[in-house]
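Before any comments, here is the structure.
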Amino acid sequence: MKGSAMRDLIESALKGLNADYVEIRIEERESTNIAFRGRELDEIGHSTGKGGNVRACVKGGWGFASFNSLDDLRAKAVQAVEQARMVGNEKTGLADAPPVVAIVPPHVVHDPAQVSLADKHRILEEYLDLLWGGPEIQTSSLRYADGHRTMYYGNTQGTYTEQARIDVNFWASAVARAGGEVQQASISMGSLGDFGLVHRMHETVAELPQKAVDFLKAPQVKGGEYTVILDPILAGVFVHEAFGHLSEADHVYENPKLREVMVLGRRFGGDHLNIVDGAKIPALRGSFQYDEEGVESNRTDLIREGVLVGRLHSRETAARMGETPSGNARAIGHQFPPIVRMTNTIIEPGEATLEDLLQGVKEGVYCSNWYGGMTSMEQFTFSAGESYMIRDGRIEEAVRPVMLSGNVFSTLENLDGVANDLEMNEGGGCGKGGQSPLPVSNGSPHIRLRNCLVGGR
């Protein structure tokens with residue numbers, strides 16, 4: 001269905017509904033997935049699909065209906081309104097968002113749709129051979145995914161948008177074993193509309209088997225508090241997981257304890273600490289023009305010169321907290337209503353160099369890349385992908401990848417150095433409320449943390 005016909009379909013279904021607010025979102029998807037488990041091909045396929053949803057609000061109550069057929073769209077809208085009417089018992093609160101009409105083409109550098117499934121499979125087989133680069137390699141994991149998503153959106157306040165985006169994701173891991181010891185090395189990459197990254201991974205993937213073997217031979221660090229320097233990739237994951245989720249206003253609004261902590265104007269770090277989130281930052285996996293409520297994307301200051309100055313909002317959370325929508329209402333697909341999510345979350349660069357951060361560190365730990373982690377409110381635990389000792393201001397011998405844990409607020413207070421070498425991490429994806437993996441990015445320069453708890457022997 002062409003865009004003009006889709007607009008007519010949506011706007012016709014929205015007319016005359018007896019509700020405070022109704023929106024319709026229809027999506028067309030095309031995706032490719034290829035996965036190897038060990039040397040075996042575990043999944044390969046190309047699929048297309050179409051679906052949509054109606055979300056309605058009556059007296060503060062929400063109704064939601066999703067569907068895979070566009071037949072009788074008006075009846076689905078009426079169904080969502082009836083659902084909302086059954087639960088609504090207060091005044092509807094939605095922060096103002098000016099109506100817009102816009103068509104946004106995808107950001108394309110190298111369209112994966114121009115590469116055949118057979119060629120994608122062949123390229124991944126090249127990487128599979130690289131992952132099995134020695135007798136100590138016991139298994140491997142290799143995954144590739146791309147997706148083209150076109151979203152048609154309209155609401156009863158006059159907004160109509162069409163947006164398309166292309167997402168590319170790549171993951172490779174080699175696992176080495178010696179006796180009862182097992183170690184792995186991995187890489188996760190992604191892009192907005194650029195299949196070219198898949199052609200650029202050979203050197204990085206070829207290093208993984210040797211890194212996994214080296215980790216087997218590396219000593220384990222003695223557990224305790226150290227001065228820790230995070231590389232831009234791990235620091236980006238830290239700011240997303242440990243701080244970014246606490247900035248999502250639905251978390252803040254629904255949790256009384258968090259509301260007491262995340263008070264605008266409160267100091268969390270030194271003047272050198274600046275954190276932002278924004279889909280308006282171009283050409284990254286979390287970039288877009290309008291969110292799933294038709295609100296224009298933004299660049300939101302979260303921490304400015306060490307002070308909490310903002311948070312991420314949908315129209316509903318912005319109204320409830322008396323603040324401004326930030327364009328952060330997102331949904332992973334038409335089966336889900338939008339919730340408050342991050343986009344591109346960044347610690348802004350400072351003026352120091354990595355050498356400046358290393359200077360004066362008698363014994364510390366340098367951590368790079370990431371493997372995994374988890375957060376619970378202000379507590380966090382992360383596993384570094386690689387770790388090295390810092391001795392007398394220099395990065396020295398490799399140690400087993402360490403686990404870092406702590407309280408995010410005390411850790412931000414102990415963040416005493418920010419370098420000038422910003423890099424972005426576009427691998428993986430974000431999970432929240434059963435919606436995963438949502439394309440996001442995060443980034444940072446090197447940062448230095450004093451008194452960081454490092455797990456070890």
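The values are calculated or read from the model by the stated rules, or taken from the named source; none is laboratory data. All values derive from a computational prediction rather than experimental measurement. Neighbour counts run over all protein chains shown; Cβ positions are idealised from the backbone, glycine included. Surface accessibility is based on the protein's heavy atoms, side chains included, excluding ligands, DNA and RNA. Shrake-Rupley method; radii C 1.70, N 1.55, O 1.52, S 1.80 Å.
Restricted to segment 221-255, and to residues there that are part of a helix (DSSP H, G or I) and among the hydroxyl-bearing types (Ser, Thr, Tyr), the residue that is surrounded by the most Cβ atoms within 10 Å (Cβ to Cβ) is SER247.
If the condition is being open to solvent by less than 30 Å² (accessible area, probe 1.4 Å) and in a loop (DSSP other than H, G, I, E, B), then segment 101-116 contributes only VAL115.
Polar (S, T, N, Q), under 20 Å from VAL100 (Cα atoms) and either modelled with pLDDT of 95 or more or surrounded by fewer than 16 Cβ atoms within 10 Å (Cβ to Cβ) (or both), is that true of SER12?
Yes, satisfied.
When every residue of segment 332-355 is checked against the conditions, at least one turns out to be surrounded by fewer than 22 Cβ atoms within 10 Å (Cβ to Cβ), among the acidic types (Asp, Glu) and more than 20 Å from SER247 (Cα to Cα). The number of residues in segment 82-100 that are in contact with a Gly (Cβ under 6 Å, 6 or more places away or on another chain) and surrounded by 15 or more Cβ atoms within 10 Å (Cβ to Cβ) comes to 4.
Taken over segment 356-380, the residue count meeting the criterion of being open to solvent by less than 40 Å² (accessible area, probe 1.4 Å) and either of a type outside the set (Phe, Trp, Tyr) or outside any strand (DSSP E or B) (or both) is 10.
Counting only residues that are of a type in the set (Lys, Arg), touching a residue at least 40 places away in the same chain (Cβ under 8 Å) and out of contact with any strand residue (DSSP E or B) (no Cβ under 8 Å at 6 or more places or on another chain), segment 30-87 holds 1 of them. Contact map, segment 131-160: residues that are within 30 Å of ASN18 (Cα to Cα) paired with residues that are polar (S, T, N, Q), Cβ distance under 6 Å, separation 6+ or inter-chain. Pairs shown: MET151/GLN163; TYR153/THR161.
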